[in-house]
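A short worksheet on the structure shown next.
Taken together, the values in this text are just the output of simple stated rules run on the coordinates, not laboratory data. Keep in mind that this is a model prediction, so the values were computed, not measured. Note: ideal-geometry Cβ built from the backbone for every residue, glycine included; neighbour counts use all protein chains shown.
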Amino acid sequence: MKTPYRNSKLHKKIEAKREYLNQRIADDVERYGGEVIDSEEMRSAFEQTHHRWSTVGEHTIRVTVSSVMICYVLKKLHIKVNVPAVVVASLCHDLGMLGRYEKFSSGKECSREHPKESVAVARELVSDMPEKTEDIIERHMWPMGQAKAPNSIEGIVVSVADKYNAVKDLVKGSEVNHTGVKNYVHEKGKKIQQHIHEKQLR
Ligand SMILES: [Fe+2]
Ligand SMILES: [Fe+2]
């Protein structure tokens, strides 16, 4: 009888590679973005609905994972890319949106103003901001609205990952289906691995 694909060597090899990749991403995110991950702002991000069925926190992790994966591909192609800047910018890009209903008078204002607010949050949280980070955050809404285009390869990476994952949020939603809100356990060390290993964040 033919071996089912699930038990095949090929499937096991692919799974092992995926696990290795997830661990590599989790380690890089923890290494460069630890201050953001451990912040109160990031905890609150998992309590604010975003893109209808998701949360700012889940969206943030999805954008970060995609951005880092794109960086690995670029590196394989011998294209230089600043991974710390991409990690910090991805993690902070929408944190300026927290408390949006008190802070902004309309969705339009939120969409236009939150990148600047996110830069301010990043300055508060990150002690040694990697070069280019502020520009990446400030321009991340491109190509939407009046946003300025990215001025670095890292900026393009984050902007593209952001749009891709906005669609993914709408399609896949939150871990808690149809509520848009997930209970986020702020457990030091484990949390980022957990999110990256969770299927819905891939
Ligand atoms: Fe945004
Ligand atoms: Fe975003």
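Taking the alpha-carbon distance from K116 and a cut-off under 14 Å, which aspartates and glutamates remain once sequence neighbours fewer than 8 residues away in the same chain are dropped?
D94, E124, E134, D135, E138
Using only the Cα atoms of the stretch 11-178, construct the convex hull and provide its projected area averaged over every direction, in square nanometres to one decimal. Don't skip to the answer; put the middle values down first.
Details: hull surface 41.3 nm².
Projected over every direction and averaged, the Cα hull of the stretch 11-178 covers 10.3 nm².
Sort the following peptides by mean Cβ neighbour count (other Cβ atoms within 10 Å, averaged over residues), highest first: 100-111, 47-58, 25-36, 9-20. Walk me through the numbers before you get to the answer.
Details: 100-111: 12.2, 47-58: 20.8, 25-36: 19.2, 9-20: 10.5.
The packing order, highest mean first, is 47-58, 25-36, 100-111, 9-20.
For the pair R43 and R112, how long in nm is the line joining their label points, each one 7 Å along Cα→Cβ?
3.5
For the pairs K103/K132; K108/K168; K76/K168, note any where the Cα-Cα span goes beyond 24 Å.
On the way: K103/K132 26 Å; K108/K168 21 Å; K76/K168 26 Å.
The pairs that break the limit, which is 24 Å between Cα atoms, are K103/K132; K76/K168.
If you place +1 on the Cβ of every Lys and Arg and -1 on the Cβ of every Asp and Glu, how big does the dipole about the Cα centre of the stretch 1-55 come out, in debye to the nearest 20? Numbers along the way, then the final one.
Values: 11 positive and 10 negative charges, 189 e Å.
With only Lys, Arg, Asp and Glu charged at Cβ, the dipole is about 900 debye.
Give the long-range amide H neighbours of T55: residues separated by 5 or more places, or on another chain, with amide H under 5 Å away, using H modelled in the peptide plane at 1.01 Å from N.
H50
Determine, for D128, D135, D162, the number of other Cβ atoms within 10 Å of each Cβ, and report the residues in order from fewest to most.
Details: D128 7, D135 18, D162 22.
Taking fewest neighbouring Cβ atoms as first place, the list is D128, D135, D162.
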